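Below you'll find the structure, written out as structure tokens, and then a few comments.
The values are calculated or read from the model by the stated rules, or taken from the named source; none is laboratory data. Computed from a predicted model, the values in this text were never measured in an experiment. Ideal geometry is used to build each Cβ from the backbone, glycine not excepted, and the neighbour counts take in all protein chains shown.
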Amino acid sequence: MTAVARGPDIADLLAFYASAGVDEALEEQPLNRFAEAASKPPERASATVTPPTGENAALPRSTSLSCAGLGERQAAAPALRAPSATATVPDEQQAALARHLATTAATLDELRQHMAAFDGCNLKLTAKNLVFADGNPNAAVMLVGETPERDEDIEGLPFVGQSGRLLDRMLAAIGLDRTSAYIANVIPWRPPGNRTPTPHETEICRPFIERQIELVNPKMLVNLGGLSANILLGTTEAILRLRGNWRVHTTAAGIAIPAMPTLHPAYLLKNPAHKKLAWRDFLEVKAKLRTLG
């Protein structure tokens, strides 16, 4: 007896979506697209049909009508391809606006307000919340991560998911917590599917995190992950080559802040053997704090 091949079921489909990074619905209520299609009345052909003439007179009636319909569809095609009026395309004008808003913010509260009102980055269109910061803005240590993940996007706070719990344990190991450290991200809006931000997106968001660092004015930075290190330290080196070596972040005012690049907690969850490397980096941070008082 020949076995009948089983098609993909709903579990297979959900597993495919999860592996592709689709982890949340775009609508609060489910929509039955098939029911919508069935409820629409069928399109009726025009009552007046012009008999084929000339070369078309030799064609069967159905063929000439099909050709006429094809012409109508081709004429309507450009309208279907028109871009949406609400689409946001990052450009230099938006980056310039971000720089202006960042420099005019005199306090962290003003900076948060400017960022919440800013619509020039397309990442904001798909994110649920602005993820601004957490912790103590008067702390000596400022940790800067990469991008918000799903839990951070929902709660509007950085490092609150599984990687956040690991970060809390890493901080506790050197005598710190969220009351004695300040935490932010270089990108304040979650990219859809946790994808890597584009160069345009990072350039638009760069002025905000640079101004945030200026306003906090920490004694040292800890760059969590390659994206944070590359943006704030002006390098293209991989994080495994950068980590463990003190670098310098220079603010727009010319203040040099020592920075320690290290591995992102999300990376450590996937590569637990490298936790020993991050531990060495955090010991360097602890020793530096002791010398700075």
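When you check G234 against the structure, is it surrounded by fewer than 16 Cβ atoms within 10 Å (Cβ to Cβ), within 14 Å of the chain's Cα centre (by Cα) and on the phi > 0 side of the Ramachandran plot, yes or no?
no
So how many residues does the range 150-188 have that are of a type in the set (A, V, I, L, M), surrounded by fewer than 18 Cβ atoms within 10 Å (Cβ to Cβ) and closer than 23 Å to L108 by Cα?
Looking only at that region, the number is 1.
Would you point out the residue of the range 120-137, among those that are of a type outside the set (F, W, Y), in a loop (DSSP other than H, G, I, E, B) and under 15 Å from the mean Cα position of the chain (by Cα), that is surrounded by the fewest Cβ atoms within 10 Å (Cβ to Cβ)?
The qualifying residue surrounded by the fewest Cβ atoms within 10 Å (Cβ to Cβ) is K128.
Could we say that T202 is assigned to a helix (DSSP H, G or I) and hydroxyl-bearing (S, T, Y) here?
Values: assigned to a helix (DSSP H, G or I): yes; hydroxyl-bearing (S, T, Y): yes.
Considered against the rule, which asks whether it is assigned to a helix (DSSP H, G or I) and hydroxyl-bearing (S, T, Y), T202 comes out as yes.
Quick one: count up the residues across the range 74-119 that are crowded, with 16+ Cβ neighbours inside 10 Å and at pLDDT below 95.
Residues in the range 74-119 being crowded, with 16+ Cβ neighbours inside 10 Å and at pLDDT below 95: 3 in total.
Taking N194 as the residue in question, decide whether it is over 30 Å from L125 (Cβ atoms), in contact (Cβ under 8 Å) with a residue 12 or more places away in the chain and surrounded by fewer than 21 Cβ atoms within 10 Å (Cβ to Cβ).
no
Let me spell it out: the conditions are (1) out of contact with any Gly (no Cβ under 8 Å at 6 or more places or on another chain); (2) at pLDDT 95 or above, and R178 meets all of them except one. Which number is the exception?
Evaluating R178 over (1) out of contact with any Gly (no Cβ under 8 Å at 6 or more places or on another chain); (2) at pLDDT 95 or above leaves (1) as the failure.
Restricting the search to the range 201-227, which residues are under 20 Å from the mean Cα position of the chain (by Cα) and either surrounded by fewer than 24 Cβ atoms within 10 Å (Cβ to Cβ) or farther than 22 Å from A105 by Cα (or both)?
E201, T202, E203, R206, P207, I209, E210, N223, L224, G225, G226, L227
Pick from the range 239-258 the residues that are of a type in the set (A, V, I, L, M, F, W, C) and touching a helix residue (DSSP H, G or I) at 6+ places or on another chain (Cβ under 6 Å): which of them is nearest to P199 (Cα to Cα)?
Out of the qualifying residues, it is I239.
So T147 fits all but one of (1) surrounded by fewer than 19 Cβ atoms within 10 Å (Cβ to Cβ); (2) in contact with a Lys or Arg (Cβ under 8 Å, 6 or more places away or on another chain); (3) of a type in the set (S, T, N, Q); what number is the exception?
(1)
Would it be correct to say that A273 is at pLDDT below 95 and either at positive phi or surrounded by fewer than 18 Cβ atoms within 10 Å (Cβ to Cβ) (or both)? Reasoning before the result, please.
Values: at pLDDT below 95: no; either at positive phi or surrounded by fewer than 18 Cβ atoms within 10 Å (Cβ to Cβ) (or both): yes.
It is false that A273 is at pLDDT below 95 and either at positive phi or surrounded by fewer than 18 Cβ atoms within 10 Å (Cβ to Cβ) (or both).
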